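Take a look at the structure set out below.
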Amino acid sequence: MMDEEVLMDEKFLLKAIVEEVPQDQTVLVVKPEEINFNEIHILHLEYRNIPKINHLWEFTSLDRLDLNSNLIKKIEGLDRLINLTWLNLSFNSIEKIEGLESLQKLEVLNLSNNRISVIENMGKLEKLSHFFIANNLIGQLDNVLYLRKFKKLFSINLFGNPASKEDDYKLSIAAYFPNLMLLDYRLLDEKTKKEAFTKYQFILEEMNRKELEMQRADEAKQLQEAEVKIHTDAFVEFLNGSHLFESMVKDDPEAETLRCVPEVAELLQTFEHQMVELCTQLFEIGLDEHKRRETEVNSFYSGQNKAVTDYQQKASHMLAHFEPQHKKRIVKLPQLSDPDILEDNINHCRDEITQLCNSLMEVECQLVSRLEDIINKLDVIISDMVGNFSETVQRIFVQCRDLEDNYHEKVLAVAGNLDMDDLDEKGMPDDVKNLFTDKDTVMDALATGHENHQLTIKDRETQLVTRVDAWKVALITGIQDKELKRNRMRISDIHRYVDYLFEQLDEM
């Protein structure tokens, strides 16, 4: 008869942690609720009939997690385990490698004895040194090459997979993974490595060449994405060129037709050149302003961290002075036989605890006041920066609209002076002639294009100003919310500690 499946909840985890404490240390665990999941470094959950990974989000300090020999079908619920270096999920029913994106410190991963057919979704595990996937369903050695990206791989176990039964399995793995020391728990000696290199030399050279090309392409893409991100954070993305100009004319077929007229083409070229100059000017100002804002914000965080550190040192000094004295007073109490003297001493202990609480609260209030001052100072500085930048943005976009007005007036003048004889003489194409069949149609089309051009410029201006304002509000609000949360947690910590001291005294 199969054992019943177990729900992986807080109660279950508390019990598992308590069971791990050596018998001679269980007395140290006063109450289960005093166990802090975020302080646990190793968690053994083998042979528990667990069907689903759950409730691990508080284990942020966990270094090793053993979940082997359970009933798990899916890798999930590990997102918060950012400090995990060891993960054992062997002997389960897992069919797909997934859910490992956050485990960037992982060094040892054991997925042996599951139902996995593809090695995939491990790209973030750059520190992986030991990978065990024995007795699964990996069918092709080509899929194993996915692991070549992990330069720190020391040991691989593929035993029991269909791929491990292919001809030249050992030599091909030795060739494709020149830094590997152990394959299927057996040492890869130098003789095997030399033989593998000789046999696969030309294939390896071609593979290395392609991988190098892919790496360079990937690095170029990442560099480009990083640049775009900086430009976006500065709110001036795609303003370092003709993107705004092109976005104005891309949906203006009449303007495209009029390009064939030499006078219009010259006006359009001049307009584009002037627009690009203005956009580039705004782009460079935007990057400079972004650096200034970033410097100011970093300076704020530095000051905030210093203030909190100063407070923590003051609080630590208070506790360092209080705790030895309090311990002496507590030790003395059981030795007092006179009830009146005992009561006086207990009252004295209570007064000292109350004084400690008041002192800690006073320092916390001082910190809150200090942080409020530097947050308000940041708010004023950033508001001024954003205000000045917005004014500069609006001034430059006014110039952009003036340029478009000037271009429009000149194109109207050119179009008004053209007639069919001029077009025939200039050898204009039929679509240009058709456009000028009716002068009113031409003027209406130019007016519509003018309105659309102005709207495009205005939309980009509004987008930029709105986003920079929203960023400022989000920054200050986020800092204030985070500080409020810190303050509440600290007050709660003080009260919890003081309550513990009073409870300890009551028990005496």
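Couple of notes before you dig in:
- Mean Cβ neighbour count within 10 Å, used as a protection proxy, ranking 322-330, 81-89, 37-45 highest first: 81-89, 37-45, 322-330
- With every protein chain in place, region 86-158: carbon and sulfur % of accessible area (1.4 Å): 48
- Accessible area of the chain divided out per residue, in Å², using a probe of 1.4 angstrom: 58
- The H on the amide N of Leu71, modeled in the peptide plane, is under 5 Å from the matching H of Asn49, Ile50, each at least 5 residues off or on a different chain.
- Label point 7 Å beyond Cα of Asp189 along Cβ direction - residues of region 149-175 with amide nitrogen under 20 Å: 155-156, 168-175
- Packing-based order for 289-300, 120-131, 209-220, using average beta carbon neighbours within 10 Å, highest first: 120-131, 289-300, 209-220
- Linear extension gain, Val398 paired with Glu19, 0.36 nm per residue minus alpha-carbon span: 129.2 nm
- Over the residues of the chain, the helix contribution to mean residue ellipticity at 222 nm works out to -22000 deg cm²/dmol, using -39500 (n - 2.57) for each DSSP H run of at least 4.
- Contact order, relative form, for the chain: 8 percent (alpha carbon pairs under 8 Å, 6 or more residues apart, mean separation divided by residue count).
- Subtracting the Cα-Cα distance of Asp167 and Val308 from 0.36 nm times their residue separation leaves 44.4 nm of extension gain.
- Using a probe of 1.4 Å on the protein chains alone, the accessible area found for Thr462 is around 70 Å².
- Angle between the chain longest axis and helix 10-20 axis [Cα atoms, degrees, rounded to 10]: 50
- Accessible area of Asp379 (1.4 Å probe, protein heavy atoms only, ligands and nucleic acids ignored): about 50 Å².
- Projected over all directions and averaged, the alpha-carbon convex hull of region 207-315 occupies 13.3 nm².
- Entry note, region 191-285: relative contact order of 30 percent, from Cα contacts under 8 Å with a spacing of 6+ residues.
- For Ile40, the residues 5 or more places off, or on other chains, whose built amide H falls under 5 Å of its own are Ser61.
- Rolled with a 1.4 Å probe across the full set of protein chains, the surface gives Met443 an accessible area near 60 Å².
- Per-pair calculated FRET efficiency, R0 = 45 Å: Met207 and Val297 via Cβ, rounded to 0.05: 0.50
- Accessible area of region 358-405 belonging to carbon and sulfur atoms, whole % at 1.4 Å probe: 47
- Scalar couplings 3J(HN,Hα) for region 477-493, obtained by applying the Karplus form with A = 6.51, B = -1.76, C = 1.60 to θ = phi - 60°, are 4, x, 5, 5, 5, 5, 5, 4, 5, 4, 4, 5, 5, 5, 4, 4, 4 Hz; x denotes Gly and Pro.
- Bins of 10 Å, starting at 0 and running to the largest distance - Cα pair percent for the chain: 3, 12, 13, 14, 16, 16, 13, 8, 3, 1, 1, 0, 0
- Distance (nanometres) between label positions extended 7 Å along Cα→Cβ at Asn347 and Gln366: 3.1
- Computed label-point distance, nm, for sites Glu58 and Asp440 using a 7 Å Cα→Cβ extension: 7.8
- Under the Karplus curve 6.51 cos²θ - 1.76 cosθ + 1.60, θ = phi - 60°, whole-Hz ³J(HN,Hα) for region 368-383, x wherever Gly or Pro sits: 4, 5, 5, 5, 4, 4, 6, 5, 5, 5, 4, 4, 5, 5, 5, 4
- Cut-off under 5 Å, modelled amide H: who pairs with Leu103 long-range: none
- In this calculation the C-beta distance from Ala320 to Thr448 is compared with R0 = 60 Å, giving a FRET efficiency of 0.20.
- Summarising the label geometry, the points placed 7 Å from Cα in the beta-carbon direction at Glu5 and Glu219 lie 4.8 nm from one another.
- Whole-Hz ³J(HN,Hα) from phi, Karplus 6.51 cos²θ - 1.76 cosθ + 1.60, for region 219-230, glycine and proline x: 5, 5, 5, 5, 5, 5, 5, 5, 5, 4, 5, 4
The values are calculated or read from the model by the stated rules, or taken from the named source; none is laboratory data. Quantities reported herein were computed from a predicted structural model and do not represent experimental measurements. A quick note on method: Cβ atoms are made from the backbone with ideal geometry, for glycine too, and the neighbour counts reach across all protein chains shown. Surface accessibility is based on the protein's heavy atoms, side chains included, excluding ligands, DNA and RNA. Shrake-Rupley method; radii C 1.70, N 1.55, O 1.52, S 1.80 Å.
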